[in-house]
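Please treat every number below as a calculation from the coordinates, not as lab data. Given the structure is predicted, the values throughout are model-derived calculations rather than measurements. Cβ coordinates were reconstructed from backbone atoms using ideal geometry, including for glycine residues, and neighbour counts include every protein chain displayed.
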Amino acid sequence: MSPERRLRLWDLVVAEARGAVVAVEHVCAVSVTVTGADSAAVAVSLRSTPREVLWASDPVASRVAELTVTFGEGPSVDATSGGPALVGDLTAPYCQARWPAFAPAAVAGGVRAVFALPLQIGGIRLGVLDLYRARAGDLDGEQLADALVLADTVCAVLLDGPAQSRPDQDGRWPAQPALRHPEVHQATGMVTVQMGVSVDVALVRLRAYAYAHDRSLRDVAGDVVGRRLRFEPELAAERDS
């Protein structure tokens, strides 16, 4: 990628920050502008922990990102372990077959195109930058090139935030991005103990319950943490039989 492109995009990000410390939302705002997207979200997905939506630009992005967490499928999930997943039309038969739960739900939520870009530096995978568009259509070459540079920038901001920040007028350093829904992590840990299973299996059980009861994963997790819902080992054995 040319240094000129990176410098041009960085200038746009700095301008978006308006003198503040550059943060994820500033990079995402520029990503939406240069790609012609309507909204964006950033999700982190670290080993042995549930996927977590770190930031979303608006209610549509938040809702669709939450669908990915709940169903455990979609372009963003594919991009987590592979390369960019660029989907110009979620209503295409291929998309409906590949993501039978996510695709129709995302379309119903007002999204027709999803461009999922992995956040990766070397062998380190942090998560995904998702760009959403209400209309169908692919990114052109220039838009994709810009999006890839900005995905790298999001990754750098997540990794290097404290080192690149500066204190405010009170001498305090800005806080790092916090997980929006820590109850999902807490609930997964509780279910591993309740069922005597691995973290991955516990998360699958939570997702399956949420899907079967037409609820969000976050709401189900809240019930587990609040001890209004418990996953019993014997019930799990009966479902597996």
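Once fully extended, how much extra length lies between Arg18 and Val193, figured as 0.36 nm per residue of separation less the alpha-carbon to alpha-carbon distance?
On the way: separation 175, 0.36 × 175 = 63.00 nm, distance 4.71 nm.
Length gained, Arg18 through Val193: 58.3 nm.
Go through the stretch 23-28 residue by residue and turn each phi into a ³J(HN,Hα) via Karplus (6.51, -1.76, 1.60, θ = phi - 60°); whole Hz please, and just put x for glycine and proline.
After applying 6.51 cos²θ - 1.76 cosθ + 1.60, I find 10, 4, 5, 5, 5, 5 Hz.
Suppose R0 equals 30 Å. What FRET efficiency, 1/(1 + (r/R0)^6) with r the Cβ-Cβ distance, do Asp223 and Ala92 give to the nearest 0.05?
0.25
For the stretch 3-164, what's the relative contact order in percent, using C-alpha pairs closer than 8 Å and at least 6 residues apart?
Details: 290 pairs, mean separation 41.0, N = 162.
About 25 percent, as a whole number.
When the chain is fully extended, how far beyond the present Cα-Cα distance does Ala212 get from Ser2, taking 0.36 nm per residue of separation?
70.8 nm
Given contacts defined as C-alpha pairs under 8 Å and at least six residues apart, what's the relative contact order of the stretch 64-130, whole-number percent?
Worked out over the stretch 64-130, it gives 36 percent.
Could you rank the peptides 201-209, 133-141 by their average count of other C-beta atoms within 10 Å per residue, with the highest value first? Write out the running numbers ahead of the final one.
Values: 201-209: 19.3, 133-141: 13.8.
Those peptides, ordered most packed to least, come out 201-209, 133-141.
Which ³J(HN,Hα) values in Hz, rounded to whole numbers, follow from the phi angles of the stretch 125-141 under the Karplus curve 6.51 cos²θ - 1.76 cosθ + 1.60, where θ = phi - 60° and Gly and Pro get x?
Whole-Hz 3J(HN,Hα) from phi for the stretch 125-141: 10, 9, x, 9, 9, 9, 10, 10, 9, 6, 9, 6, x, 8, 6, 7, x.
Which far-off residues, 5 or more places away or on another chain, put their amide H under 5 Å from the one on Leu119, with H placed in the peptide plane?
Leu126, Gly127, Val128, Leu129
Can you compute 3J(HN,Hα) from phi for each residue in the stretch 149-155, using the Karplus curve 6.51 cos²θ - 1.76 cosθ + 1.60 with θ = phi - 60°, rounded to whole Hz and x for Gly and Pro?
These are the phi-based 3J(HN,Hα) values: 5, 6, 5, 4, 5, 4, 4 Hz.
Only Lys, Arg, Asp and Glu count, each charged at its Cβ (+1, +1, -1, -1), so figure out the dipole size of the stretch 1-158 about its Cα centre, rounded to 20 debye.
Dipole magnitude for the stretch 1-158 comes out near 240 debye.
So how do 13-19, 106-112, 78-84, 67-73 stack up, highest first, on mean other-Cβ count within 10 Å?
Taking the mean over residues of other Cβ atoms within 10 Å, the ranking is 67-73, 106-112, 78-84, 13-19.
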